[in-house]
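S.K.: First the structure, then my questions, so here it is.
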Amino acid sequence: TLLDQESINPMTYSSQLEDSGCDVSNDPAFDSLGVASGFHQSEHNVDTSKQWLEKVPPLNLCCNSKEQCLTAPVQFLKHLLEIRKLSEGGILQADFSELENDSFTICNSVSQLLDGLTVFYRSPKFPVSNFLTEAVSVLISLITDNKLSNHVLKKCFKKLEEFKKNLIQIILRNNSVNRFQELHSVSQTLVLLGRNHILRNSSISLLLSEVRQFAEQLLQAHQVQSMYNITQYENIFPLCMILEQLLQNETEESNISSSDYEGEEKIRFLKNLDQIILHLSDEFPLFSLYLWRVSVLLNSAQMQ
């Protein structure tokens, strides 16, 4: 959009940029406008058939901000999905089976995107840009694409699991004073990933494992009257809420997509849960309530 506006009225936008009095050197829009104006100056020196090429900014691999580091992999994956969709019903049929043998570029872009998102979520800036939500949406679209997901998931699943583990640890270990806004943005990303039918079971397993381990540690500390990590206790609630959301979605969609969640972590979580709730309910009523709600959702499909 910025490039189109620049080509329509270049003098107005360049003058606004110069006279604004604001430091926009780290703004992605500044770089786009700068590139666009550079192309506009040389527009009269080339053949008109090549003018549209000159409006496309080159791939900038030098990152001035965390968000810019995500731009290249996001744009590449976005264009890949668009090309595949365009080739579905048209005359030109793209043979994506070749990617089964060599998917390094795709997997490398996914890896860069996940690393960039991890860096951002460790020290986010507010307000959170819509670009980050778009980046996660592109990632989910890629891994659910029927023509691409098999080989991409096969090589990127380990990286995706590592990314989800990192997000969970970012939530648990965050001890900043005003951390709840940060925790909310990370939680939203975990929910988006967990709602995907391919990643749902692994996401639920990871969350069940973390909540169970914390409940056991809290019970042990309570029994011997020792100190427990208050910050981690406060941070466990976003994980409980994410888990509850994912299990609720699983229950609602069980008639359409799959049966209720089954797994080793479910068995471990429910094994001594009644005793844990019984011992913690007096001193930690809210946490005990969340444990009970999760157990109800885990068993809801069987009860039905």
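The values are calculated or read from the model by the stated rules, or taken from the named source; none is laboratory data. All figures in this text were calculated on a predicted structure; none of them were measured in a lab. Every residue, glycine as well, gets a Cβ built from its backbone with ideal geometry; the counts of neighbours run over all protein chains shown. Only protein heavy atoms, including side chains, enter the accessible area calculation; ligands, DNA and RNA are left aside. Shrake-Rupley method; radii C 1.70, N 1.55, O 1.52, S 1.80 Å.
S.K.: Under a 1.4 Å probe, what is the accessible area of the stretch 70-196 per residue, stated in Å²?
M.R.: For the stretch 70-196, the per-residue accessible area is 53 Å².
S.K.: In what sequence, largest accessible area first, do ARG200, ARG122 appear using a 1.4 Å probe?
M.R.: Descending accessible area places them as ARG122, ARG200.
S.K.: Where the only charges are on Cβ atoms (+1 Lys, Arg; -1 Asp, Glu), what is the dipole of the stretch 70-196 about its Cα centre, to the nearest 20 debye?
M.R.: Magnitude of the dipole: close to 560 debye.
S.K.: Could you order TYR233, TYR121, TYR228 by accessible surface area, starting with the largest, using a probe radius of 1.4 Å?
M.R.: TYR228, TYR233, TYR121
S.K.: My understanding is that a pair violates if its Cα-Cα distance is over 27 Å; which of LYS78/LYS266; LYS158/LYS266; LYS85/LYS165; LYS85/LYS155; LYS85/LYS125; LYS85/LYS266 do that in this structure?
M.R.: LYS78/LYS266; LYS85/LYS165; LYS85/LYS125; LYS85/LYS266
S.K.: Continuing with the same structure: With a 1.4 Å probe and all protein chains left in place, how much of the accessible area of the stretch 161-303 comes from carbon and sulfur atoms, in whole percent?
M.R.: 50
S.K.: Multiply the residue gap between SER209 and HIS184 by 0.36 nm, knock off their C-alpha separation, and tell me the result in nm, one decimal place.
M.R.: 6.9 nm
S.K.: 7 Å from Cα along Cα→Cβ at both VAL119 and GLU162: what's the point-to-point distance in nm?
M.R.: 1.5
S.K.: Could you check the simple spin-label distance between GLN245 and ASP274, using points 7 Å along Cα→Cβ, in nm with one decimal?
M.R.: 3.2
S.K.: Then there is this: For the stretch 70-196, take N as its residue count and report Rg(C-alpha) divided by 2.2 N^0.38 Å.
M.R.: 1.15
S.K.: May I pose another question? Protein chains only, probe 1.4 Å: how do PHE180, PHE214 rank by accessible area, largest first?
M.R.: PHE180, PHE214
S.K.: Need one value: the accessible area of LYS159 in square angstrom, 1.4 angstrom probe, rounded to the nearest 10.
M.R.: Solvent-accessible area, nearest 10 Å²: 50 Å².
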